[in-house]
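Below is one structure, written out as structure tokens; comments come after it.
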Amino acid sequence: MSVTPELDRRTLLRRAAAAGLLVTPAVGLLSACAGSEPTKSDDSGAAKSKDNPFGLKDDSAVKVVIFNGGLGDAWAKEDQVIFKAKHPNVTVNMSSTQKIKTEEQPKMATQPSDLVMNSGADMMDISTLINEGAIEPLDDLLTAPAWDSEGTVGDSLLPGTAADGTYQGKLYVVNVAYTVWGNWYNGALFAKEGWTPPKTFEEFFALAPKIKAKGMAPYVHDAVHGYYPRWAIMATVWKSAGKQVVVDIDNLKENAWKADGVLPAIEVWEKMVKDKLLLPGKLDHTQSQQAWLDGKAAFIQVGTWLKNEMAKTIPPGFEMKLSDYWGLGASDKAPKDVYAGAGEGFVVPSKAPNKAAAKEFLRAVVSKAGSAKFAELTKSLASTKGSGDNVQDSAIATANEVMKNAGSDLISIKLWNFYADLDKESQNLSAELMAGRLTAQQFVDKMQAAADKVAKDSSIKKQTRTA
């Protein structure tokens, strides 16, 4: 399979957050399946078996670094318990941080951590890590036996999880969170007011005056980080223009940004700004989310990490519900396609001292038990099948409902991880559009010009999206 992924939000996305953070040291980052019979591990010298497919050596140690962002790190501590139950003689040194690039990148050329959750605004650029040979391919993890269920690890993962971590035909990133994006609203408020959550922008614009009459802004967004509004903008483009147009955009096809359906998708966002339907103020992600929780706005768009990120300040009686991103209506080419995918990715540095332990710890993270704890503690789906089956929560329930009604394709945008400069430009232009400093036409023209510049630059290695 030769699919190249995006990472979601603090990824992908996810995970998107890496724009402008391209790794640019003066030199490169680097200075220079189990069979029936036990075999010797090239990595550690221990015997491989079904319960130890990577040949993890007893009395060894593994250093695991967790990104402590919107999903917290309590779930990872549960994975440590699960791992230790099977490998009690292996020492797990786990730490948490939000400064992944700052703290981990300098170690990559010498003695890095064994397993790094590369996420957040300070994440390392994946394309650079791969091109420098700084991280390991992890395809053998997919073919390894699942930790506590039948079949392989690959069999246990939700659709798109492996593809979202695959570059140039190889798996480099194991994404553990399955994020669904869309528009959030307070179900209790909507029930009280008799409002029906809109499915199209036309319905939203019709509802907006009723919302404003209650002293609320119809919509609030992160006005600091451009990748936040960009998710919603590009989801609208996909729904309006269809998958192939976005594939063409990712592949830098000539005039792809000028295809039918793209400009109208941007124009509805321009209208939202012009009609003054946004809550004023340059709020960042947590500030805008808190404003929504405080009843200052009716809708906010973000992914399913939202509830966990804001868990401490959710008002009593507030019923967090997720609906799909709005489309334009009858003209949409892909109205049912949902923006969802795997994010919050782990990587194994090529110079990690104990790669066998890193892979084995990953096997525990995506286990049935580990993913259930993840969903329970984060109120977000894991990338392992069935993770949220036993979690009673409106946020997860409505995310499941969105996925149940999803179309045949998942919305995904690849260019953000293909080209760092284009990623940065798309963020800047998204922020400018939402600030009212760009028209929809100017947005389209500038994105096309930025794409053309990359396409014509022979020094930039081109990526190809096939699906």
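The values are calculated or read from the model by the stated rules, or taken from the named source; none is laboratory data. Worth saying up front: this structure is predicted, and the values here are computed from it rather than measured. Cβ coordinates were reconstructed from backbone atoms using ideal geometry, including for glycine residues, and neighbour counts include every protein chain displayed.
Of all residues in the range 223-240, those satisfying the criterion of being out of contact with any strand residue (DSSP E or B) (no Cβ under 6 Å at 6 or more places or on another chain) and either closer than 21 Å to Leu189 by Cβ or aliphatic (A, V, I, L, M) (or both) are Ala223, Val224, Ile233, Met234, Val237. Across the range 321-353, the number of residues qualifying as surrounded by fewer than 24 Cβ atoms within 10 Å (Cβ to Cβ) and farther than 30 Å from Asp260 by Cβ comes to 4. Pairs linking a residue in the range 370-391 that is under 9 Å from Tyr178 (Cβ atoms) to a residue that is basic (Lys, Arg), with Cβ atoms under 8 Å and 6 or more positions apart or on different chains, are Ser380/Lys307; Thr384/Lys368. Within the range 223-235, residues that are over 15 Å from Trp181 (Cβ atoms) reach partners that are assigned to a loop (DSSP other than H, G, I, E, B) and not charged (D, E, K, R) with beta carbons closer than 6 Å, at six or more positions or on different chains, in the pairs Ala223/Leu283. Determine, yes or no, whether Gly160 is in the same structural domain as Ala352 (by TED's automatic domain parsing) and modelled with pLDDT of 95 or more. Against the criterion (in the same structural domain as Ala352 (by TED's automatic domain parsing) and modelled with pLDDT of 95 or more), Gly160 does not qualify. Per the conditions (1) within 16 Å of Ala265 (Cβ to Cβ); (2) under 21 Å from the mean Cα position of the chain (by Cα), the sole criterion not satisfied by Gly343 is (1). Looking at the range 128-140, which of the residues that are surrounded by 19 or more Cβ atoms within 10 Å (Cβ to Cβ) and not hydrophobic (A, V, I, L, M, F, W, C) is farthest from the chain's Cα centre (by Cα)? That would be Glu136. Of all residue pairs spaced 6 or more apart or on separate chains, those with beta-carbon atoms under 6 Å, a first member in the range 310-324 that is farther than 14 Å from Lys192 by Cα and a second member that is in a loop (DSSP other than H, G, I, E, B) and not aliphatic (A, V, I, L, M) are Ser323/Pro197.
Is at least one residue of the range 139-146 touching a Lys or Arg at 6+ places or on another chain (Cβ under 9 Å) and either on the phi > 0 side of the Ramachandran plot or in a strand (DSSP E or B) (or both)? Scanning the range 139-146 turns up at least one residue that is touching a Lys or Arg at 6+ places or on another chain (Cβ under 9 Å) and either on the phi > 0 side of the Ramachandran plot or in a strand (DSSP E or B) (or both).
Inside the range 273-293, can you point out the residues that are assigned to a helix (DSSP H, G or I), surrounded by fewer than 20 Cβ atoms within 10 Å (Cβ to Cβ) and not small (Gly, Ala, Ser)? Answer for the range 273-293, where residues must be assigned to a helix (DSSP H, G or I), surrounded by fewer than 20 Cβ atoms within 10 Å (Cβ to Cβ) and not small (Gly, Ala, Ser): Val273, Lys274, Thr286, Gln287, Gln290, Leu293. Of all residues in the range 303-336, those satisfying the criterion of being under 17 Å from the mean Cα position of the chain (by Cα) and at pLDDT below 95 are Gly303, Thr304, Trp305, Leu306, Lys307, Asn308, Glu309. Checked against (1) under 20 Å from Ala375 (Cβ atoms); (2) in the same structural domain as Pro197 (by TED's automatic domain parsing), Thr286 passes all but condition (1).
Checked against (1) over 23 Å from the mean Cα position of the chain (by Cα); (2) buried (at least 19 other Cβ atoms within 10 Å of the Cβ), Ile100 meets all criteria but (1). In the range 376-394, the residue that is modelled with the lowest pLDDT out of those that are crowded, with 24+ Cβ neighbours inside 10 Å and within 12 Å of Asn308 (Cβ to Cβ) is Ser380. A single member of Thr143, Thr166 is among the hydroxyl-bearing types (Ser, Thr, Tyr), surrounded by fewer than 24 Cβ atoms within 10 Å (Cβ to Cβ) and under 21 Å from Lys414 (Cα atoms), and it is Thr166.
Taking the range 379-403 as the range and being outside any loop (DSSP other than H, G, I, E, B) and of a type in the set (A, V, I, L, M) as the test, the residues that pass are Leu381, Ala382, Ala395, Ile396, Ala397, Ala399, Val402, Met403. If you filter the range 156-190 down to residues that are within 14 Å of the chain's Cα centre (by Cα) and among the small types (Gly, Ala, Ser), you find that the one that is nearest to Glu132 (Cα to Cα) is Gly165. Evaluate the following for Ser113: is it in the same structural domain as Ala375 (by TED's automatic domain parsing), assigned to a loop (DSSP other than H, G, I, E, B), in contact with a strand residue (DSSP E or B) (Cβ under 7 Å, 6 or more places away or on another chain) and among the hydroxyl-bearing types (Ser, Thr, Tyr)? Judged against the criteria, Ser113 is a match. Taking the range 147-201 as the range and being within 28 Å of Trp326 (Cα to Cα) and of a type in the set (Asp, Glu) as the test, the residues that pass are Asp164, Glu193.
Being touching a strand residue (DSSP E or B) at 6+ places or on another chain (Cβ under 6 Å), more than 20 Å from Ala420 (Cα to Cα), of a type in the set (Val, Ile, Thr) and at pLDDT below 95: is that true of Val174 here? Criteria not met by Val174.
Given the structure, is Ser426 out of contact with any Cys (no Cβ under 6 Å at 6 or more places or on another chain), outside any helix (DSSP H, G or I) and either surrounded by 17 or more Cβ atoms within 10 Å (Cβ to Cβ) or modelled with pLDDT of 95 or more (or both)? Criteria not met by Ser426. Here Asp122 meets each of (1) under 30 Å from Tyr227 (Cβ atoms); (2) touching a Lys or Arg at 6+ places or on another chain (Cβ under 9 Å); (3) at pLDDT 95 or above with one exception, condition (3). Can you find, within the range 238-249, the residue that is nearest to the chain's Cα centre (by Cα) among those that are surrounded by fewer than 24 Cβ atoms within 10 Å (Cβ to Cβ) and not basic (Lys, Arg)? Going through the qualifying residues, I end up with Val247.
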